[in-house]
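Encoded as structure tokens, the structure appears first; notes follow it.
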Amino acid sequence: MLRRILLAIAVALLAAGCMGDDGGGGDGGSVSASEGESLVLQQEDVGSEFTQFDRGEQRRADLSPPRDDPNRLDREGGWKARFSRTGSAETQGALVISSLADLFGSADDAGEDFELYKTSLDQFVAAGGRKVSVSGLGDEAYAVTFEQGRAPNVIHHYAIAWRDGAVTASVNANGFRLTWPQALALARAQQNRIRSAAG
């Protein structure tokens, strides 16, 4: 039963989409909606072995509770990028990656959206996952991990959400031999892009 719950949450999060410096925070105030597609992971961030299968502005189908109102909190826009590659239980690193970014009218609005992110990710913890300590990522960050399947075919999932000024962002990744440092490196690559857009 627990495995079914975890699978349902994972599928919902992945389907919904649920650093030029050291990865630290910034006010994000100079980011504009016209730069939205630059706030998510790009092909060069994940490598040529990945195929991009989704990109552009987030649509209604990309949203899930409690972040399912596209007009929430003076939101100015949201963008997505998703990648996958073929692999096996021996493949090192991620097999599926989902990258999201949302821009808000103020850091306060983004802070409220980040709290909604935490509520969403806590579903993983309630279903048997665990929180992962994360620092040096934006102004505030939150991460969880859980596993699916049985040895030797255990799939490792990591979901990382953070806020940088008026931007909230997330990276969700899974793979048989995916490690926390590998997942965090993806989030830091996206944070680099957010900071670059903020100037």
Q | Cleavage-rule hits, GluC sites (Glu not before Pro), the range 90-189, DSSP coil, Cβ neighbours within 10 Å at most 14 | A | Glu90
Q | Low-density loop positions, trypsin sites (Lys or Arg not before Pro), the range 59-143 - DSSP coil, at most 12 other Cβ in 10 Å | A | Arg59
Q: Set Lys and Arg Cβ to +1 and Asp and Glu Cβ to -1, take the dipole of the chain about its Cα centre, and tell me which of Leu186, Ala101, Ala141 lies farthest positive.
A: Leu186
Q. Tell me, what is the FRET efficiency for Ala151 and Arg60 to the nearest 0.05, using R0 = 35 angstrom and their Cβ-Cβ distance as r?
A. 0.35
Q: Quote the charge dipole size of the chain about the Cα centre in Debye, to the nearest 20; the model charges only the Cβ of Lys and Arg (+1) and of Asp and Glu (-1).
A: 1020
**Q.** Positive dipole terminus of the range 70-170, leading residue within Ala166, Thr91, Thr119 (C-beta point charges)
**A.** Thr91
Q. Which value, in Å², gives the accessible area per residue of the chain when a 1.4 Å probe is used on the protein heavy atoms?
A. 44
Q.
How large a share of the accessible area of the chain, in percent, is made up of carbon and sulfur atoms when the probe is 1.4 Å and the other protein chains stay in place?
A. 49
Q. What's the extension gain from Glu90 to Trp180 if we count 0.36 nm per residue and subtract their Cα-Cα distance?
A. 30.7 nm
Q | Per residue, the convex hull volume that the Cα atoms of the chain enclose (Å³) | A | 102
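The values are calculated or read from the model by the stated rules, or taken from the named source; none is laboratory data. All values reported here derive from a predicted model rather than from experimental measurement. With ideal geometry, Cβ positions are generated from the backbone for all residues, glycine too; neighbour counts draw on all protein chains shown. Please note that ligands, DNA and RNA were not included when accessible areas were found on the heavy atoms of the full protein model with its side chains. Shrake-Rupley method; radii C 1.70, N 1.55, O 1.52, S 1.80 Å.
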